[in-house]
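The values are calculated or read from the model by the stated rules, or taken from the named source; none is laboratory data. Because the structure is a prediction, the values reported are computed rather than measured. Ideal geometry is used to build each Cβ from the backbone, glycine not excepted, and the neighbour counts take in all protein chains shown. Keep in mind that these areas ignore ligands, DNA and RNA; they rest on the heavy atoms of the full protein, side chains included. Shrake-Rupley method; radii C 1.70, N 1.55, O 1.52, S 1.80 Å.
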Amino acid sequence: MNRINLTLLLGVVALLAACSSRPSPIIEERKVLTQREIDERIGGDYVRVVQSGDTLYSIAFEAGLDVQKIAVWNGIKDTSKIIAGQTIRLTEPSAFQSVSPQVTKKNVARPSRSKSVGDTKALSRVSKEKKPVSKAPSLPSRSASKVGQANRMVSKNLEWAWPIRGSIVATFNPKARKKGLDIQGQLGQLVKASSAGEIVYAGDSLKGYGNLIIIKHSDEFLSAYANNATIKVREGQFVVQGQAIATLGTDSTGGAVAHFQIRRHGNPVDPSSYLP
């Protein structure tokens, strides 16, 4: 063996010795995240980015959720304060412990104290008139069902009235995606508050509803009025039963049809079970 081959052999032996002295690398198994864990990192299964004109109530209405739950899930103490660009989660966080939301808005609707046009007259007018306002004459006459009686007992602290005079052209049918009543009226006809409460949304940002008004009556109940031509109230305003809140416009087919909903804890319920 010549000198060159001997030198190469010694070099290889030295290299092998050096490698054998190094510690073996520690291989860690990568943690595979569950879909729930991935969702949690981005804020839940569903999130909603607040757009200009949104309110927490309109977001809850669109999602079919209770606004109080959304407020708690997102740590929102004042349901009237959200800003454009804010991300709102629409699912309950994992390991969530339910607590009562400490929101700053009043839980019970109170009479209006605003001095906007028509408020003073509406207050005096409704205080004198104790009859239900704007009954729908086409409502089929029938004895009250057990469901209707139960619903009225639940909402016994609220008085409901028909929002508009007219003929019922579509009834409540969740299976057919009918979440309320469609009432045929006349273009420009006054639409009135079904019960006293606070205007928590007035706008047109919810697709399929046109100019929409949502009234909060209590922590349980909301009412909604869609397909309006003009809106006569503003967000944050308190209204009384029978007060004009809008004028009737048209629906997607061009007909003068008012769409009216009542929701309990965010879920649509049959308005005919509550209306007189």
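Remarks
- Extending 7 Å from the Cα toward the beta-carbon at both Ala84 and Ala176 defines two label points whose distance is 4.0 nm.
- If the segment from Ser167 to Gln51 were pulled out straight at 0.36 nm per residue, it would be longer than the present Cα-Cα gap by 38.2 nm.
- Under 5 Å, built H, 5+ apart or other chain: amide partners of Arg89: Arg48
- Amide H contacts for Ala229 (H built 1.01 Å from N in the peptide plane; partners 5 or more residues away or on another chain; cut-off under 5 Å): Thr247, Leu248, Gly249.
- Cut-off under 5 Å, modelled amide H: who pairs with Gly166 long-range: Ser138
- Ranked by solvent-accessible area (1.4 Å probe, protein heavy atoms only, all chains present), the residues His265, His259 order from largest to smallest as His265, His259.
- For the pair Ala229 and Ala63, the difference between a 0.36 nm per residue extended length and the Cα-Cα distance amounts to 57.3 nm.
- In order through the range 160-174: 3J(HN,Hα) via Karplus (6.51 cos²θ - 1.76 cosθ + 1.60), integer Hz, x for Gly, Pro: 10, 9, 5, x, 7, 7, x, 9, 6, 10, 8, 9, 5, 7, x
- Applying the criteria of a DSSP loop state and at most 14 other Cβ atoms within 10 Å to the trypsin sites (Lys or Arg not before Pro) of the range 186-276 yields Lys207, Arg234.
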